[in-house]
Amino acid sequence: MASTIAASVYGDISPLPTGLRTFTTFPDLLMIPEWVFGGLVWILVASTTVAEPLLQGWVMFVSIFCFVFTSILIILYCIGVHGGKSSWTTIDAFYHFIAAMFYLSASVLQAYTTIDLVGFGEIYQENIAAVVFAYIATVLYVVHAVPSLFRWKRSP
């Protein structure tokens, strides 16, 4: 009886995928756009003039950390290393929650840094693009974290 209640409350959230199902199941298919937009943030912040080294250093750390860890998760899911174990569901939920919080802080700091660059032309435009992509990455990680937390709650 508990499994039917859990299914109706949490909806149809797939267990951790293996192989090519990684690219077709929700929320795991979001890892590709997370990877793409995180890479764009990394490239844009790295290519601009650093106005606030400490603040933009955090943005670089977050974008590189999430890019690398998301890449590792994609590869491990495709190989099927997790074997359906609940500990991997915990790792997935914890990572996406932490990544969402990290990206939220990085997005706010990047926006704050960009405000000081008004009137600097191309540098300002690159930083605006970095802010937009950072907020898109934030939304993607938040959208991924919510079903991952439900999947973790439902796992045995």
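Other residues with beta-carbon under 13 Å from the beta-carbon of Phe133 carry, at +1 per Lys or Arg and -1 per Asp or Glu, a net charge of -2. What you get for the chain, charging only the Cβ of Lys and Arg (+1) and of Asp and Glu (-1), is a dipole of about 680 debye around the Cα centre.
Within the listed set Ser47, Ser107, Ser86, the residue fluctuating most in the Gaussian network model of the chain (springs between alpha-carbon atoms under 10 angstrom) is Ser47. Grab the other residues whose beta carbon is less than 14 angstrom from that of Ala145, score K and R as +1, D and E as -1, and report the net. Every neighbour counted, the sum reads -1. Each stretch of four or more DSSP H residues adds -39500 (n - 2.57); spread over every residue of the chain, this sum gives -26000 deg cm²/dmol at 222 nm.
Other residues whose C-beta falls under 14 angstrom from the C-beta of Gln56 contribute a net charge of -3, scoring Lys and Arg +1 and Asp and Glu -1. Working note: Debye formula, equal point scatterers on the alpha-carbon atoms of segment 41-156, no solvent; log10 I(q)/I(0) at q = 0.21 Å⁻¹ is -1.05.
Every number in this text was worked out from the coordinates using simple rules, so none of it is lab data. Fair warning: this is a prediction, and the values are worked out from it, not measured in the lab. Ideal geometry is used to build each Cβ from the backbone, glycine not excepted, and the neighbour counts take in all protein chains shown.
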